[in-house]
Amino acid sequence: MSIKLTAMTHYVCTGGCGENSSVGGTCNNNNCIKYHQPLSVCHCEDGRHEEAFQNPNMIAEGQEQAKA
Ligand SMILES: [Zn+2]
Ligand SMILES: [Zn+2]
């Protein structure tokens with residue numbers, strides 16, 4: 001038997017703070033440049049979140065981005 005990593009949808013902050021969530025949401029680190037901005041969708045298996053960083057605008061559907 002081998003341990004198989006499955007690509008699970010997760011959401012990461014691309015502001016560099018390392019925030020990530022399995023259910024989406026916004027960055028909770030008030031010292032992050034993306035504080036309170038929606039996390040980006042990612043499906044990586046290696047924890048590098050390259051997908052999210054390459055497509056930082058692919059935010060979770062249903063997320064409301066408050067614009068002043
Ligand atoms: Zn952040
Ligand atoms: Zn990822």
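Side notes on the structure shown:
- Charge dipole (debye, nearest 20) of the stretch 1-60; +1 at Cβ of Lys and Arg, -1 at Cβ of Asp and Glu: 80 debye
- Taking amide H as placed 1.01 Å from N in the peptide plane, CYS27 has its amide H under 5 Å from the amide H of HIS36, GLN37, LEU39, each at least 5 places away in sequence or on another chain.
Laboratory data are not the source of any read-out in this text; all were calculated from the coordinates shown. This structure is a prediction, so every number in the text was calculated from the model and none was measured. With ideal geometry, Cβ positions are generated from the backbone for all residues, glycine too; neighbour counts draw on all protein chains shown.
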